[in-house]
1. Which members of the range 120-157 meet the condition of being touching a residue at least 40 places away in the same chain (Cβ under 8 Å) and of a type in the set (Asp, Glu)?
2. Could you tell me whether Tyr226 is among the hydroxyl-bearing types (Ser, Thr, Tyr) and either closer than 19 Å to Thr53 by Cα or under 22 Å from the mean Cα position of the chain (by Cα) (or both)?
3. Would you please name the residue that is nearest to Ile414 (Cα to Cα), looking only at residues in the range 355-395 that are open to solvent by 10 Å² or more (accessible area, probe 1.4 Å) and part of a helix (DSSP H, G or I)?
4. Would it be correct to say that Ser407 is among the polar types (S, T, N, Q), open to solvent by 20 Å² or more (accessible area, probe 1.4 Å) and within 25 Å of the chain's Cα centre (by Cα)?
5. Among (1) at pLDDT below 95; (2) assigned to a helix (DSSP H, G or I); (3) in contact with a helix residue (DSSP H, G or I) (Cβ under 7 Å, 6 or more places away or on another chain), where does Glu65 come up short?
6. Only one of these is open to solvent by less than 10 Å² (accessible area, probe 1.4 Å) and out of contact with any Phe, Trp or Tyr (no Cβ under 7 Å at 6 or more places or on another chain): Leu38, Leu60. Name it.
7. Among the residues of the range 189-202, are any crowded, with 20+ Cβ neighbours inside 10 Å, polar (S, T, N, Q) and at pLDDT below 95?
8. Kindly provide the set of residues from the range 1-15 that are open to solvent by less than 40 Å² (accessible area, probe 1.4 Å) and closer than 16 Å to Glu129 by Cβ, ordered by number.
Amino acid sequence: MKEQNVMTFHEVMDYIEELKAYGSVPGLTNIQNLCTKLQMPQSGLKFVHIAGTNGKGSVLAFVSEILKEAGYRVGRYLSPTIFEYRERIQVNGRSISKKDLCRMMTLMKNVCEELVKEGQPHPTAFEIETAMAFLYFKEKNCQIALLETGLGGLLDATNVVEETLIEVFTSISFDHMGVLGKTLAEIAENKAGIIKKGSVVVALGQKEQVMQVIERKAQSAGVPVYFVEPKEAEGVKHGLEKQVFSYKEYKNLMITMAGSYQIENAMLAVETTDQLKKLGYEITEKAVRAGLFKAFWPGRFQIISKKPYFIADGAHNRDGALRLAETIRFYFTNRRIIYIIGMLRDKEQEEILKTLCPLAELVLTVSTKGERGFGAYELACVAKNYHDNVTALDSVQEAVELSYLLSDKDTVIIACGSLSYLGELITIVESLSVKKNRNQIGRDSHGKQRED
């Protein structure tokens with residue numbers, strides 16, 4: 001491909017917007033056609049495939065940091081992103097460069113045009129991104145790649161991979177029922193569709209009907225399954241800054257991600273790396289400890305600022321809401337809570353708000369963007385069924401500023417409901433915090449401007 005024919009970054013972003021018109025199409029035909037045209041970039045790569053309703057990103061972060069500490073070159077494919085598009089494809093924690101993205105997306109565009117000329121359907125945005133991730137990981141000689149499923153498992157584009165080392169299942173609950181099924185067993189059946197012969201299954205111990213499906217699917221494929229039971233954690237010490245636990249032979253492991261549920265995600269990561277060790281990967285206890293400690297995942301009970309605490313959490317389904325409520329009760333009992341909530345149109349607003357609203361003194365709603373966006377006023381109308389003090393705001397900036405205005409140092413502000421707006425919110429809060437700190441540094445203990 002000639003350099004002058006490569007799209008600019010602006011053109012790539014415009015093209016990605018255009019791709020949204022192709023929507024989401026469950027099934028593997030399109031991704032198989034695309035990968036065939038690209039000479040099967042997924043072939044030869046080794047994968048850890050992660051499925052579940054909540055916790056996929058956190059487990060991916062823990063495992064990837066452990067493997068990086070062990071000296072491996074690790075590819076990470078994830079969605080959705082928080083700050084920018086390029087985050088979804090990473091190698092050793094570094095996002096794909098603009099130059100590589102432009103080059104590869106130009107190739108993808110050309111290949112898609114060829115497929116359409118041959119009478120094939122145009123691949124969706126997610127299918128294109130998935131194939132591009134494989135191509136990038138192969139180019140960068142990744143020794144192992146971590147894949148987060150987009151939707152479900154069986155018919156998800158990521159399920160085109162064949163050389164899976166381990167399938168990891170996080171917490172499975174109700175979400176996307178219109179596509180995945182109306183019951184927990186049906187949803188689990190779809191997600192367990194990623195299990196393949198010759199692999200190993202690691203799964204969180206959870207509701208019996210979910211574990212039965214995973215166990216049956218594993219037996220059908222003739223592969224072992226290892227369940228990680230949250231109650232197996234010992235010596236647990238919860239905290240906002242750090243959490244400590246022991247699991248198996250590992251004593252006093254430390255993580256810096258807050259939220260009581262992060263300990264079970266860390267346990268899943270430890271079990272996954274232990275299974276990789278059995279497959280011949282050299283991973284020391286030192287690497288496990290360092291990887292767990294360094295792992296970070298934005299938008300998951302993330303403390304953005306203090307005094308008052310300002311926390312961002314991507315709780316966007318009923319299980320996520322239950323876990324967030326549990327965490328708020330654990331850390332902030334009898335504290336004054338202000339919510340900023342933005343949600344997508346296709347989510348269970350009633351279930352989520354019913355769980356979260358009783359814990360707050362005030363609920364501020366904001367709009368989310370895009371074809372799945374939901375207006376602040378519409379969301380406020382739903383929230384008023386569960387809370388008497390609800391206000392719809394015109395922008396995320398206004399919501400942040402008002403929440404600060406109404407807070408004292410002991411108030412806790414929690415932004416939640418959807419990951420889609422949290423990147424903007426985190427940027428705004430961090431910017432305001434920097435300005436506040438500069439003002440404080442510029443004053444002496446009597447509140448006067450320093451003369452030096």
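The values are calculated or read from the model by the stated rules, or taken from the named source; none is laboratory data. Just so it is clear, the structure is predicted and the values come from calculations on it, not from any experiment. We place every Cβ from the backbone using ideal geometry, glycine too, and count neighbours over all the protein chains shown. Calculation scope for accessible area: heavy atoms of the full protein, side chains included, ligands and nucleic acids excluded. Shrake-Rupley method; radii C 1.70, N 1.55, O 1.52, S 1.80 Å.
1. Narrowing the range 120-157 to residues touching a residue at least 40 places away in the same chain (Cβ under 8 Å): 120-138, 140-157.
Passing the criteria: Glu127, Glu129, Glu148, Asp156.
2. On the way: among the hydroxyl-bearing types (Ser, Thr, Tyr): yes; either closer than 19 Å to Thr53 by Cα or under 22 Å from the mean Cα position of the chain (by Cα) (or both): yes.
Criteria met by Tyr226.
3. Taking the candidates together, the pick is Leu359.
4. Details: among the polar types (S, T, N, Q): yes; open to solvent by 20 Å² or more (accessible area, probe 1.4 Å): yes; within 25 Å of the chain's Cα centre (by Cα): no.
No, not satisfied.
5. Unmet condition: (1).
6. Leu60
7. Filtering the range 189-202 for residues crowded, with 20+ Cβ neighbours inside 10 Å gives 189-192, 194-195, 199-202.
Adding the requirement that they be polar (S, T, N, Q) leaves 190, 199.
Pick out the ones that are also at pLDDT below 95 and you get 190.
Within the range 189-202, one or more residues are crowded, with 20+ Cβ neighbours inside 10 Å, polar (S, T, N, Q) and at pLDDT below 95.
8. Quick first cut of the range 1-15, residues open to solvent by less than 40 Å² (accessible area, probe 1.4 Å) only: 6-7, 12, 15.
Met7, Val12, Tyr15, listed by residue number.
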